[in-house]
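Report on the following structure.
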Amino acid sequence: MNNALVLFLIPLCVIGVFGETSLVSVSVKEGDSVTLHTDVQIPDVIEWRFHGDLLARVNKESMVSRFVKSNGAFGDRLQLDIQTGDLKITNIRKTDFGQYVLKITSTESSSTIFNISAVTDSGSDGVTIVSVTEGDSVVLHTDVPEIQKDDEILWRFRRKDIIAKIKKYEHIFSTYDKSTDRIFRSRLQLNHQTGDIIISDIRNSTSGLYEVDFKKSSYTIHKSFNVTISDKLNRVPVNKGVTVILESGLTQLEGDDLIQWRFEHDDHVIAKINKSASSSPTFDAADERFRGRLELDYETGSLTIRKITPEHAGLYHLDITGNSHTIFRKFIVFVCDSGLSVAAVTIIFGVVVFLLVNAAVAAFWIYHRIHKNATERRHTAVL
């Protein structure tokens with residue numbers, strides 16, 4: 001995300017067979033999307049070609065549009081605006097880079113050559129994953145060095161709510177919170193130079209899909225970010241034989257959520273709910289350790305472990321994925337089997353962590369001192 005997105009326009013015009021020809025250079029990241037603008041209402045005929053091959057054609061008289069995909073390389077990643085003739089290419093791939101020629105036939109015919117080139121690879125699915133800890137802040141970058149006078153930037157949340165807008169020539173630098181429960185509550189800030197958006201104090205309600213449209217006169221770059229919650233490690237000390245509930249932190253699951261509880265580090269799924277399939281919670285019946293002891297809350301995704309024993313101690317992972325959010329939580333469960341109270345276990349655990357941290361600091365200081373002395377000796381020897 002730190003790589004600069006180079007966007008520039010080459011105002012070069014030549015006179016050719018089709019009248020005036022303009023050249024436009026667009027540099028985008030793999031995975032992003034781009035819309036190439038005609039800047040006209042439909043004239044008599046509009047044609048789009050890629051490397052000489054006809055891609056799409058719109059006829060004003062019949063208002064008929066058609067795509068021609070002889071090699072099928074684009075699949076369903078092309079979209080054509082029937083009113084303007086604008087061509088959108090989603091999820092840009094390496095095979096999509098090259099020259100796109102727009103031919104406009106009307107009273108005065110003209111053509112435009114869009115040369116699309118790559119910046120860097122940001123993923124094959126067109127969405128940049130940004131994982132943050134709950135309560136932290138995050139910056140979503142447009143990768144634009146500086147907004148120009150006529151540029152426009154529009155930020156959306158979960159495909160529907162406009163949360164920020166920049167129109168530099170109109171001196172508009174605004175953030176919005178149009179949701180009914182006002183989930184952002186002054187947590188949004190805009191960088192007026194780059195259009196980056198800063199979201200502070202990230203919560204479950206503000207995780208999910210963010211999209212930005214960066215519009216110039218001849219094209220629009222589209223970027224998508226999926227902000228996910230990676231929660232801090234929750235320490236749960238309990239006594240043997242009690243019932244423990246590992247809370248998901250949600251009051252209500254979404255209708256398309258997939259909830260999975262995993263144990264330890266081997267991706268061992270012990271409990272699962274698929275809300276989109278309207279299925280009941282399922283459990284790993286093959287694992288004797290958890291048989292008959294687990295209960296999964298269908299409304300919140302919280303996991304209950306009954307009559308816990310030392311063999312249930314360890315690391316638990318909660319993965320919640322859906323269209324509106326992605327949440328990861330971790331719980332480390334300590335089971336006391338020696339008659340010690342939970343408070344005592346907590347104190348002992350704290351002391352152990354303190355000793356380990358101090359040992360690590362001491363080891364680092366010793367290493368640093370040895371390295372410094374060795375450097376000084378080498379320097380003296382050279383002199």
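The values are calculated or read from the model by the stated rules, or taken from the named source; none is laboratory data. These numbers were taken from a predicted model, which means no experiment stands behind them. Heads up, the Cβs are rebuilt from the backbone with ideal geometry, glycines too, and the neighbour counts pull from every protein chain shown. All accessible areas refer to the heavy atoms of the entire protein, side chains included, with ligands and DNA or RNA removed. Shrake-Rupley method; radii C 1.70, N 1.55, O 1.52, S 1.80 Å.
In the range 270-284, which residues are modelled with pLDDT of 85 or more, under 18 Å from THR326 (Cβ atoms) and surrounded by fewer than 16 Cβ atoms within 10 Å (Cβ to Cβ)?
ASN274
Please go through the range 1-44 and pick out each residue that is modelled with pLDDT of 85 or more and of a type in the set (A, V, I, L, M, F, W, C).
The answer is LEU23, VAL24, VAL26, VAL28, VAL34, LEU36.
Only one of these conditions is not met by ASP287: (1) at pLDDT 90 or above; (2) farther than 30 Å from ILE183 by Cα. Which number is it?
(1)
Would it be correct to say that LYS215 is under 21 Å from LYS160 (Cβ atoms), surrounded by 16 or more Cβ atoms within 10 Å (Cβ to Cβ) and among the basic types (Lys, Arg)?
Values: under 21 Å from LYS160 (Cβ atoms): yes; surrounded by 16 or more Cβ atoms within 10 Å (Cβ to Cβ): yes; among the basic types (Lys, Arg): yes.
Yes: the conditions hold for LYS215.
Tally up the residues in the range 76-117 that are of a type in the set (Phe, Trp, Tyr) and crowded, with 17+ Cβ neighbours inside 10 Å, please. Let's see the steps before the verdict.
Going through the range 76-117, the residues of a type in the set (Phe, Trp, Tyr) turn out to be 97, 100, 114.
Now drop any that are not crowded, with 17+ Cβ neighbours inside 10 Å, which leaves 100, 114.
Summing the residues that are of a type in the set (Phe, Trp, Tyr) and crowded, with 17+ Cβ neighbours inside 10 Å in the range 76-117 gives 2.
What about ARG262, is it part of a strand (DSSP E or B) and modelled with pLDDT of 85 or more? Please lay out each step first, then the result.
Working: part of a strand (DSSP E or B): yes; modelled with pLDDT of 85 or more: yes.
Yes.
Can you tell me which residue is nearest to ILE332 (Cα to Cα) among those in the range 218-242 that are touching a helix residue (DSSP H, G or I) at 6+ places or on another chain (Cβ under 8 Å) and surrounded by 18 or more Cβ atoms within 10 Å (Cβ to Cβ)? Walk me through how you get there before you give the answer.
Quick first cut of the range 218-242, residues touching a helix residue (DSSP H, G or I) at 6+ places or on another chain (Cβ under 8 Å) only: 227, 229, 235, 237-240.
With the extra rule that they be surrounded by 18 or more Cβ atoms within 10 Å (Cβ to Cβ), the set shrinks to 227, 229, 237-238.
Working: VAL227: 24, ILE229: 18, PRO237: 8, VAL238: 11 Å.
Ranking the candidates gives PRO237 first.
Can you find, within the range 202-212, the residue that is farthest from GLY135 (Cα to Cα) among those that are in a strand (DSSP E or B) and open to solvent by 10 Å² or more (accessible area, probe 1.4 Å)? Quick ask: steps written out before the conclusion?
To start, the set of residues in the range 202-212 that are in a strand (DSSP E or B) comprises 208-212.
Among the residues that remain, those that are also open to solvent by 10 Å² or more (accessible area, probe 1.4 Å) are: 209, 211.
On the way: LEU209: 18, GLU211: 21 Å.
Checking each candidate, the answer is GLU211.
Out of the residues in the range 244-261 that are small (Gly, Ala, Ser) and open to solvent by 10 Å² or more (accessible area, probe 1.4 Å), which is farthest from THR321 (Cα to Cα)? Walk me through how you get there before you give the answer.
The initial filter retains those residues of the range 244-261 that are small (Gly, Ala, Ser), namely 248-249, 255.
Remaining after also requiring open to solvent by 10 Å² or more (accessible area, probe 1.4 Å): 249, 255.
Numbers: GLY249: 14, GLY255: 11 Å.
Across the range 244-261, the extreme among qualifying residues is GLY249.
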